[in-house]
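Inspection log for the structure reproduced underneath, given as structure tokens.
Nothing in this text is a laboratory measurement; each read-out follows from the coordinates by a stated rule. The model shown is predicted, which means the values in this text are computed figures rather than measured ones. Heads up, the Cβs are rebuilt from the backbone with ideal geometry, glycines too, and the neighbour counts pull from every protein chain shown.
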Amino acid sequence: MSDAPAPFRISPDARMQMRRIGREGHPLLIIDNAITEPERLIGAAIAAPFERPAHTRYPGLNAPLPEYYGRGILNAVNPLLARGFGLPAHLRKTMFGFLALATQPPEDLEPIQKVPHHDSPDPFRIAMVHYLCRDMPGGTGFFRHKATGFEGVDARRRPDYARLAAAELEAAGGGLTRHVTDETPNYELIDFAELKFNRLIIYRSHVLHSGLLEGAALTDDPRTGRLTANSFIDVARPGGQ
């Protein structure tokens, strides 16, 4: 008999809604009451070694995501990715992720951390955010870049977007003084997934988005801070494309 912890499972009481973001209609899947034992994952976070990430601009601290979480969630959402994102269930998928605590106030951020971003130009990479915190405002916002009209930034769009966004950041200088909000210059908020305990949101990683941190508890305590599980699913496409 294996002593490995049982994988997390989607709750039988989970409630799902599929939305389409903005003019481009990118899918956004929201699962409320997502897993059966959210407190078990919070317990893992309390015991985890959080530290500043070395290779990303996440505005806070990260810790390893338990393997048994990833294994269970990937199996559970695989058929949903087929229906909502057009990613056939038989294609091989891998997942990586981390536990996250947003801790940095605006004055500690680089300018690029104060505007929306895309995680990857690959529409076949799927992003997931699982909210494990309570009693605070915010969530995840999805945005349109006003100058280009882009809501998703794939490899074809990336050069134009990067050039214009960099020029806008340089022109803004020290004028960006807040976390990302619906008033962030040069971007338009087009959709919003509210922060709710045990809510899992799933979207394509090339979509422009940002955590909305104003009013959140920016503490390094997983019991009271803005704790999330952030994950990415990569899809192996036929022919290795």
Residues of region 136-173 being among the aromatic types (F, W, Y) and either more than 26 Å from I202 (Cα to Cα) or touching a strand residue (DSSP E or B) at 6+ places or on another chain (Cβ under 6 Å) (or both), which ones?
F142, F143
Can you work out which of the residues in region 102-120 that are part of a loop (DSSP other than H, G, I, E, B) and under 19 Å from A167 (Cβ atoms) is nearest to the chain's Cα centre (by Cα)?
H118
Quick one: would you say F150 is crowded, with 21+ Cβ neighbours inside 10 Å and assigned to a loop (DSSP other than H, G, I, E, B)?
yes
May I ask you to say which residue of R92, R163, R144, R178 is more than 19 Å from L212 (Cα to Cα), in contact (Cβ under 8 Å) with a residue 60 or more places away in the chain and basic (K, R)?
R92
Residue count for region 128-147, restricted to those that are out of contact with any helix residue (DSSP H, G or I) (no Cβ under 7 Å at 6 or more places or on another chain) and outside any loop (DSSP other than H, G, I, E, B):
10
Going through region 68-113 in order, the residues found to be among the β-branched types (V, I, T), crowded, with 19+ Cβ neighbours inside 10 Å and touching a strand residue (DSSP E or B) at 6+ places or on another chain (Cβ under 6 Å) are T103
Can you tell me which residue is surrounded by the fewest Cβ atoms within 10 Å (Cβ to Cβ) among those in region 16-44 that are farther than 14 Å from F142 by Cα, over 18 Å from the mean Cα position of the chain (by Cα) and not hydrophobic (A, V, I, L, M, F, W, C)?
E39
Within region 174-192, which residues are buried (at least 16 other Cβ atoms within 10 Å of the Cβ), in contact with a strand residue (DSSP E or B) (Cβ under 6 Å, 6 or more places away or on another chain) and not in a strand (DSSP E or B)?
V180
I'd like the full set of residues that are closer than 23 Å to Q104 by Cα, of a type in the set (K, R) and touching a strand residue (DSSP E or B) at 6+ places or on another chain (Cβ under 7 Å), limited to region 200-241.
R226
